[in-house]
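One structure is given here, and the rest of the page talks about it.
The values are calculated or read from the model by the stated rules, or taken from the named source; none is laboratory data. Fair warning: this is a prediction, and the values are worked out from it, not measured in the lab. Every residue, glycine as well, gets a Cβ built from its backbone with ideal geometry; the counts of neighbours run over all protein chains shown. The protein model used for the area step is the full one, side chains on, heavy atoms only, and it has no ligands, DNA or RNA in it. Shrake-Rupley method; radii C 1.70, N 1.55, O 1.52, S 1.80 Å.
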Amino acid sequence: MAISSMGFAACTGTPPSKTAPTSAPTTSTSTSSPLPAGWETVTYHGVGIDVPNNWAVELWRPTCGVAVPTVFIGPAKPFAIACASDPPMGAEVVLGALPMSGSKTVSTKLNGIMAYVATQYEVYHGNLGATITNIWVSLPTKDMNISVSVGESPAIPGGAPGRAEQIVQTIHQVS
């Protein structure tokens, strides 16, 4: 059994609420491309990321998986979490200070922000037969890490081929 620092596994039994946290999405001026139809921008500490507008937005809490696609805001301070690597239940984005994972990072710019990006693919066999794309993004000038874990198949809620990379490409500065 593998251990993942992302925390994308079935450890909780209650689906997250659809209520946005108090520090949640705000209207902002962005430096990214126009939003895809049906998407919204979620912001945290001057950084925005675009996701489908039917995804839940919640304050971060230690969890090892979600039942519905969710964007977590936080944690504000570095926090590591280890979960057994089980097939995920839903797509997950964390805007906060989770440590970066992955051994090979690539230095790049995302919509004008310096970033280090590491990508990992996990293949699950059995009923799902799904590949999960995990992308960790470190934004050193923003003192923030972002993790994106999305299934490459719609069999995983929130999943779609190339969706994780599509989300990462929307990371941008907001004012």
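General observations
- Qualifying residue in the stretch 119-127 (condition: modelled with pLDDT of 90 or more and not in a strand (DSSP E or B)): no
- Restricting Gly112, Gly38 to residues that are over 16 Å from the mean Cα position of the chain (by Cα) and free of Cβ contacts under 8 Å to residues at least 60 places away in the same chain narrows the list to Gly38.
- Residue in the stretch 139-147 that is more than 26 Å from Pro34 (Cβ to Cβ), acidic (Asp, Glu), open to solvent by 70 Å² or more (accessible area, probe 1.4 Å) and outside any strand (DSSP E or B) present: yes
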